[in-house]
Amino acid sequence: MSCVIGLFVNVTVGSENIPVFFGGIFRVLANTYAGCALFSLGLSIDPNMKGGNNLAVSILVATKVLLMPMVMAIIARIMTRNEADTQFAFIYGMLPTAPTAYILAVAYGVQEPLLSTACLVVLIASLPLLVIAAAALQAQSESDVQKSNEVSISISFWVASLSLGASCVFLVMCYLAREKRPIKGKNLQESTLSS
């Protein structure tokens, strides 16, 4: 419905002639889309997924992060025979899945928990691999040994930084999970002391 209204306003008034008051509201709505979509994605994740769904998520993530860039690079190599186009297709294939895929799954009622978890895991998995692949492609194109060494050091720094950040997030999540779930032995001791 929103698309039809937007098309109607664009045809009748024109996108340049929207009143200033409405233009400000529309800009705010347009700027909040990504944040709202990502918040909705995180809110819908089911932490208690069954084993079969974990396998499906793993297959989806492996396909998106590992197989898709290779297939895109092969197709680009066959169609263009240009190294720059092949590298671009490879990097483009490694980009994370947009939250729009989850929004469409909700709209059509198709595997929402599975797709929300897969989108989040693809986002987390593809970012470090994207940095590493871009740096490796840059190092491959460099002929100067000194410049290649600088790129290798830069890759090592980014990988170490990402690992440190991920470790900190993991430790915080473990600490927060520990506070929510009491230790079994602790509850047993408290019940025997109270009786």
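The values are calculated or read from the model by the stated rules, or taken from the named source; none is laboratory data. It should be emphasised that the depicted structure is a prediction, and the values quoted were computed from it without experimental measurement. As a convention, Cβ positions derive from the backbone with ideal geometry for all residues, glycine included, and neighbour counts pool all protein chains shown. Heads up: the accessible areas ignore ligands, DNA and RNA and are worked out on the full protein's heavy atoms, side chains in. Shrake-Rupley method; radii C 1.70, N 1.55, O 1.52, S 1.80 Å.
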Collect the residues in region 120-138 that are within 16 Å of PRO99 (Cβ to Cβ) and open to solvent by 40 Å² or more (accessible area, probe 1.4 Å), keeping them in residue-number order. LEU120, VAL121, LEU123, ILE124, LEU127
Since PHE157 meets every condition but one in (1) at pLDDT below 75; (2) open to solvent by 80 Å² or more (accessible area, probe 1.4 Å), which condition does it not meet? (1)
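Going by the conditions given, is ASN54 open to solvent by 70 Å² or more (accessible area, probe 1.4 Å) and not in a helix (DSSP H, G or I)? Full working, then the answer.
Details: open to solvent by 70 Å² or more (accessible area, probe 1.4 Å): yes; not in a helix (DSSP H, G or I): no.
In short, no.
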Top-ranked residue of region 1-51 - restricted to ones that are in a loop (DSSP other than H, G, I, E, B) and more than 22 Å from TYR102 (Cα to Cα), ranked as modelled with the lowest pLDDT: GLY14
Looking only at region 63-116, filter to residues that are open to solvent by 60 Å² or more (accessible area, probe 1.4 Å) and outside any helix (DSSP H, G or I); which one of those is farthest from ALA136 (Cα to Cα)? VAL110
